[in-house]
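Report on the following structure.
The values are calculated or read from the model by the stated rules, or taken from the named source; none is laboratory data. These numbers were taken from a predicted model, which means no experiment stands behind them. Cβ sites come from the backbone with ideal geometry, for glycine too, and all protein chains shown count toward neighbours. All accessible areas refer to the heavy atoms of the entire protein, side chains included, with ligands and DNA or RNA removed. Shrake-Rupley method; radii C 1.70, N 1.55, O 1.52, S 1.80 Å.
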Amino acid sequence: MSHRQWDEVKYEVAVANRVLAETGLATGFRASLGHVSMRIPSDPDKFVVKGRGYAVDSLHSVRPEDMIVVDLNGEFVDGPVGSSQCFEVKMHSSIFQARPDVKSVTHVHPHFIVLATTLRQRLRPMNQEGVALVKDELPVWPHIKTVQNDVEGKEVAALLGDGKAVLLRGHGATTVGNSPEESVMTMLNLEEQAKMNYYALSAMGQDHPYIEDELIAEMTERTAIIDLPHFAKVLPAGWRPRVGGVWQYYTRVVQNDPSAAPEMNRPS
Ligand SMILES: [Zn+2]
């Protein structure tokens, strides 16, 4: 049976996992820690995720053929011989079960997010990138252990609720979205906010200022660029700004990265 769409999703998921490495969310000794998943559009009760058990396990070098197809109970459906689902697959499956609207889940262990959860610091809005994500307090799963079974997976999914992100104390974060681009970009924005929170805390202590709700509202309720007279003059009717440049850039980089080739030729 041909699974053309499975292969397309595997490709997209492998690229997204490489982007986690390329953007620094899974590098150094965290090189094998983290996973992006994506629901298969033609089989919405299945998803594709990075697995475990590879000869070389690093997000930097995963290939489409390394990806694992899993059902909504976290059970293995398809993948290379000797590989398994990622160890925290129940977090992905529980979220996909609870949230039919979610098409992609990203989980990593970013430094500044992890530190904020350990220090019990509520993330505050600090700068434009990702500002709305931390306007309200984000839920935190109060354990450092990995999410390994249905009970733990469902606890994390319940904390996530209808939100975009849930934090795991001393461990990492999990974000969701309409696509791998959205779940990964949300994670990048969240880590950016966490980094700025850490700088602010270091510079000014617990009572540092942060961006007020009114200013966030001002930013999110702006006039569309096309409706501004000095743009309407030059841009064609119906034009919308092209967004997603960061994602386009990084996906191009990782798809053409010669250093991600899995093997060198050993002299014979
Ligand atoms: Zn983890």
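Summary of values
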{"quantity": "Neighbour net charge for E88 - beta-carbon separation under 11 angstrom, K R +1, D E -1", "calculated": "+3"}
{"quantity": "Heavy-atom accessible area ranking, 1.4 Å probe, most first, across R242, R124, R4", "calculated": "R242, R4, R124"}
{"quantity": "16 Å Cα-Cα reach of K195 towards lysines, excluding residues that sit fewer than 8 places from it in its own chain", "calculated": "K135"}
{"quantity": "Reach of K103 by Cα under 16 Å, taken over lysines that are not fewer than 8 positions away in the same chain", "calculated": "K10, K46, K50, K90, K164"}
{"quantity": "Local electrostatic count, K164, Cβ distance below 13 Å [Lys/Arg +1, Asp/Glu -1]", "calculated": "-1"}
{"quantity": "Length gained when the stretch Q255-D57 is fully extended (0.36 nm per residue, less Cα-Cα span)", "calculated": "69.5 nm"}
{"quantity": "Beta bridges by DSSP in the chain, antiparallel share as percent, to the nearest 5", "calculated": "95 percent"}
{"quantity": "Highest-MSF residue in the chain out of M126, M204, M185 [GNM, Cα springs under 10 Å]", "calculated": "M204"}
